[in-house]
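To start, I am sharing the structure in question, which I have written as structure tokens.
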Amino acid sequence: MHIYSITSASLVVGALASTYQLPPTPGPFPVGTVSLELVDDSRIDPLAPSPQNRELMISLFYPTSVTAVHDKNISLAPAFSPQTAEIFDNYAGVPTGTAASIISRSYLNAPLVDSELPILIFGHGLGGTRLIYTAQVESLASQGWIVVAVDHTYDAIIVEFPDGRLVPSNVPADPDLNYVELVLETRVADVKFVLDSLKNSTTLGKIPGLENCNTKLKTDTAGIFGHSLGGATAAQAMANYSTFTCGANFDGSMFGPVVDLGLEKPFVQIAAQNHTRENDATWAEFWEHLDSFKRQFNVNGTVHVSFSDLTVYRDLLGDKFPMEEADLYGSIAGERLLQIETDFMDAFFGFCMKGQDAGRLDQLVDSKFPEVFVGS
């Protein structure tokens, strides 16, 4: 993948001899999830090999009140869709069937409990997939957020649609700047389309809990964040559209006009241990043009790819995970990094979208996470 560079499980899956469950979500709310296909009839896909409308897959994660304890027809969602699970096994070098046995902490098709909760849009790294960030986004959702994870088709390593179609990535092995900027432009249009889609009755009718009512989601404003190119997407989307009011970047270099034009909106960077404004010129330039609340935090023991669920899988799978690859994901424990990601995003978006004290974010460095330091 190009992201290198730029309640009881027994209630759920009885058929599998061995299952692995993602870490417990930390927040007060159980989490529901649903995956939806969206088609943008107004846009021809610039990344597709032949002319066609832009198609996307998204997953929503949100607080719910219904779990398997309350409804025997509700079960925890698998972390991977079926065919994507096979591809992940090959990619990660784990035994066949391993990814299919990983279970999330989110209840499949459980009803959304509160349509007034703020929305956060999440984007994966170039050549990644929304499915390797499930632990991160469901943990954040448990704190009282509606988190929408987007797969950017033909950029994602694979996108599996409900009819079984698999759309692979067509990202070149060594993409040049022109290609990356085309992908960035496409992604920015994607996230705006996703947010707009959450306003229409057709999409709302597919979200559990909203099928038979006139309730609308709170789409007048949204937060946006992402890993790698997903972070650059967040920044450029904020520059292009007023509805994206604050954002965060997990360790991605910056691209697009926003680098020079900057932002007058809150923005946070969460960086790998050795990623600084001194060794990334795009960060230095972007930082100088941030004219609102801004922070950079680095995390000891991390590398670029650490900010995905791969660190969690490394620890979860133990000796099934290729030991020669373990160091590629950093030395920090996956569950510890997950806690850092969740707490920092909850504090930051709590400040800029819920009116909470900004000091809560800075206090995390001093009082809770000594492995995090203020970056330069």
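Every number here is computed from the coordinates shown, using simple stated rules; none is lab data. What you see is a predicted model; the values in this text were computed from it and never measured. Heads up, the Cβs are rebuilt from the backbone with ideal geometry, glycines too, and the neighbour counts pull from every protein chain shown.
Give a residue-ordered list of calculated ³J(HN,Hα) values for region 126-138 (Karplus: 6.51 cos²θ - 1.76 cosθ + 1.60, θ = phi - 60°; whole Hz; x for Gly, Pro).
Once θ is set to phi - 60°, the couplings for region 126-138 become 4, x, x, 7, 4, 6, 9, 10, 4, 4, 5, 6, 6 Hz.
Within 15 Å, Cβ to Cβ, of P63, how many net charges do the neighbouring residues add up to if Lys/Arg are +1 and Asp/Glu are -1?
On the way: positive: R105, K218, K354; negative: D114, E116, E138, D346.
Computed value for this residue: -1.
Using +1 on the beta carbon of Lys and Arg, -1 on that of Asp and Glu, and nothing else charged, what's the dipole of the chain about the Cα centre, debye to 20?
Values: 22 positive and 45 negative charges, 194 e Å.
For the chain, the charge dipole is close to 940 debye.
In addition: Lysines within cross-link reach of K368: Cα-Cα under 21 Å, excluding same-chain residues under 8 positions apart?
Within the straight-line limit of under 21 Å, K368 reaches these lysines: K294.
Please give the Cα centre distance for region 157-171 versus region 227-303, rounded to the nearest Å.
29 Å
Still on this structure: With point charges of +1 on the Cβ of Lys and Arg and -1 on the Cβ of Asp and Glu, referenced to the Cα centre of the chain, which listed residue (L290, A100, L328) lies farthest in the positive direction of the dipole?
It is A100, whose Cα lies furthest towards the positive end.
Kindly write out, for region 32-47 in residue order, the coupling ³J(HN,Hα) from the Karplus curve 6.51 cos²θ - 1.76 cosθ + 1.60 (θ = phi - 60°), rounded to whole Hz, with x marking Gly and Pro.
With the stated coefficients, region 32-47 comes to x, 8, 8, 10, 10, 9, 10, 10, 8, 5, 8, 9, 7, 5, x, 9 Hz.
Output needed: Cys residues of the chain lacking any neighbouring Cys C-beta below 4.7 Å, sorted by number.
If one checks each Cβ against the other cysteines of the chain, C213 turn up with nothing under 4.7 Å.
Sequence-distant or interchain residues sharing an amide H contact under 5 Å with L112, placed H: which?
G209, L210
To continue, here is another question. Excluding G301 itself, what net charge comes from residues whose Cβ is under 15 Å from its Cβ, given Lys and Arg +1 and Asp and Glu -1?
Charge balance near G301 sits at -4.
From largest to smallest, what semi-axes in whole angstrom does region 70-203 give when each is the square root of 5 times an eigenvalue of its alpha carbon gyration tensor?
26, 22, 13
HN-Hα J couplings of region 361-376 from phi, Karplus 6.51/-1.76/1.60, θ = phi - 60°, integer Hz, Gly and Pro as x?
Coupling constants for region 361-376: 5, 5, 5, 4, 5, 6, 10, 10, 10, x, 7, 9, 9, 6, x, 9 Hz.
Taking the convex hull of the alpha carbon atoms in region 224-292, what volume per residue do you get, in Å³?
Considering the Cα atoms of region 224-292, their hull volume per residue is 66 Å³.
Sorted by mean Cβ packing within 10 Å, highest first, what order do the peptides 84-92, 310-318, 41-49 take?
Numbers: 84-92: 18.4, 310-318: 20.4, 41-49: 12.1.
The most tightly packed comes first, giving 310-318, 84-92, 41-49.
Over all distinct alpha-carbon pairs, what is the Kirkwood Rh of the chain in angstrom?
Details: mean 1/r = 0.0485 Å⁻¹.
Result for the chain stands at 20.6 Å.
Follow-up question, since we're still on this one. What value does region 86-145 have for Rg/Rh, both radii from Cα atoms and Rh as Kirkwood defines it?
Rg divided by Rh gives 1.04.
Moving on to the next point. For the chain, what does the helix formula give at 222 nm: sum of -39500 (n - 2.57) over DSSP H segments with n ≥ 4, over the residue count, nearest 500 deg cm²/dmol?
-8500 deg cm²/dmol
Using mean Cβ contacts within 10 Å as the protection proxy, how do 194-204, 152-162, 23-33 order, highest first?
Result, highest mean first: 152-162, 23-33, 194-204.
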